[in-house]
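Student: Sharing a structure, written as structure tokens. Questions coming.
The values are calculated or read from the model by the stated rules, or taken from the named source; none is laboratory data. The structure displayed is predicted, hence computed values, not measured ones. Note: ideal-geometry Cβ built from the backbone for every residue, glycine included; neighbour counts use all protein chains shown. In case anyone asks, the SASA skips ligands and DNA or RNA and just uses the protein heavy atoms, side chains included. Shrake-Rupley method; radii C 1.70, N 1.55, O 1.52, S 1.80 Å.
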Amino acid sequence: MQIEPAKSETAALNKLDLPISGMSCASCVTRIEKGLSKVPGVVGAKVNFALEKATIEYDSIAANPSDLVRTLKELGYEARTKKVILPVLGMSCASCVDRVQSALNTTPGVIEATVNFATEKASIEYIPNLVKIKEFAKATAAIGYTLVEDEEEQLVGKEAQARQIEFQQLKNKFLIGLLLVAPLFLLVHWDKLGLSAILPFSGQANFMLQLLLQTPVQFWVGWQFYKGAVAAARHRTSDMNTLIAVGTSAAYLYS
């Protein structure tokens, strides 16, 4: 869905569907809606947890998409945006930079565009599902300049690659955690399983082995939960990350 001006006699209202990553529970929805609603110029904000997106209605004079993305980052979440640097041909002075920059920034779906006259390149942050690179070229061509399009398939490939890397990292953490927890279970029930008759060792040695096995599971495998809890704490709130981090930390320290 593209940014569409809404009918209003007092303000130029725009509506933006902004993809969001990092939400883990219903409290995230409430926090994002409250945070976005406090941005000057925002009339309303609704977050769909299932679709992982926020629908925001705002006054385009008082606010712009970059304000909304910045607010999301301050709240501890990320807008799913892309950033490309593309060559621009035909610029001859500073006013050319202003014209190209203005044309790109007013293209629906663009979060922020800056043009460097010295390098003759435009840095564009945008929402991929709202605008394509070819539309940047059309916007600059309409005012007499040429934007050299990159291969968009490469961008899609990079996104897929990044998601694959993230999945692989989580998979590796799960498998390593599983390998560490399996012997930990045996150590906890060492005597009950009759293993002390095969390999006897003191309770202190058993405890130290449990500690060595559990510590990386707690702090390396579970690091993402601590990271999320800290981000929530910075904004004086809590979420499922906080619950998991506090609960597992209490169990770890108590044991």
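Student: Can you find a residue in segment 160-177 that is modelled with pLDDT of 75 or more, surrounded by 11 or more Cβ atoms within 10 Å (Cβ to Cβ), in contact with a Leu (Cβ under 6 Å, 6 or more places away or on another chain) and assigned to a helix (DSSP H, G or I)?
Tutor: Within segment 160-177 (the criterion being modelled with pLDDT of 75 or more, surrounded by 11 or more Cβ atoms within 10 Å (Cβ to Cβ), in contact with a Leu (Cβ under 6 Å, 6 or more places away or on another chain) and assigned to a helix (DSSP H, G or I)), the answer is no, since none of the residues qualifies.
Student: Right, something else. Please enumerate the residues belonging to segment 112-138 that are open to solvent by 10 Å² or more (accessible area, probe 1.4 Å), in contact with a strand residue (DSSP E or B) (Cβ under 8 Å, 6 or more places away or on another chain) and modelled with pLDDT of 85 or more.
Tutor: Scanning segment 112-138 gives 112, 114, 115, 116, 120, 121, 123, 125, 137.
Student: So which residues in segment 229-243 are open to solvent by 60 Å² or more (accessible area, probe 1.4 Å) and modelled with pLDDT of 75 or more?
Tutor: Listed by number, the residues that qualify are 230, 233, 240, 243.
Student: Between a residue in segment 93-111 that is in contact (Cβ under 8 Å) with a residue 24 or more places away in the chain and farther than 16 Å from residue 144 by Cα and any residue that is part of a loop (DSSP other than H, G, I, E, B) and open to solvent by less than 20 Å² (accessible area, probe 1.4 Å), which pairs come within a Cβ distance under 6 Å, given they are 6 or more apart or on different chains?
Tutor: Filtered contacts from segment 93-111: 109/127; 109/130; 109/131.
Student: Pull up segment 139-159, narrow it to residues that are assigned to a helix (DSSP H, G or I) and modelled with pLDDT of 60 or more, then point me to the one that is least open to solvent (accessible area, probe 1.4 Å).
Tutor: The extreme case among them is 140.
Student: Take the residues in segment 199-255 that are assigned to a loop (DSSP other than H, G, I, E, B) and touching a residue at least 24 places away in the same chain (Cβ under 8 Å); name whichever of them is nearest to residue 23 (Cα to Cα).
Tutor: Once the filter is applied, the top-ranked residue is 239.
Student: Would it be correct to say that residue 134 is of a type in the set (Lys, Arg) and more than 22 Å from residue 53 (Cβ to Cβ)?
Tutor: So residue 134 passes the test.
Student: Now for a separate question. Just give me the residues in segment 32-55 being part of a helix (DSSP H, G or I) and either among the aromatic types (Phe, Trp, Tyr) or over 15 Å from residue 79 (Cβ atoms) (or both), in sequence order.
Tutor: Listed by number, the residues that qualify are 34, 37.
Student: Just to be sure before I move on: is residue 182 at pLDDT 80 or above, over 32 Å from the mean Cα position of the chain (by Cα) and closer than 30 Å to residue 99 by Cβ in the structure I sent?
Tutor: So residue 182 does not fit the description; no.
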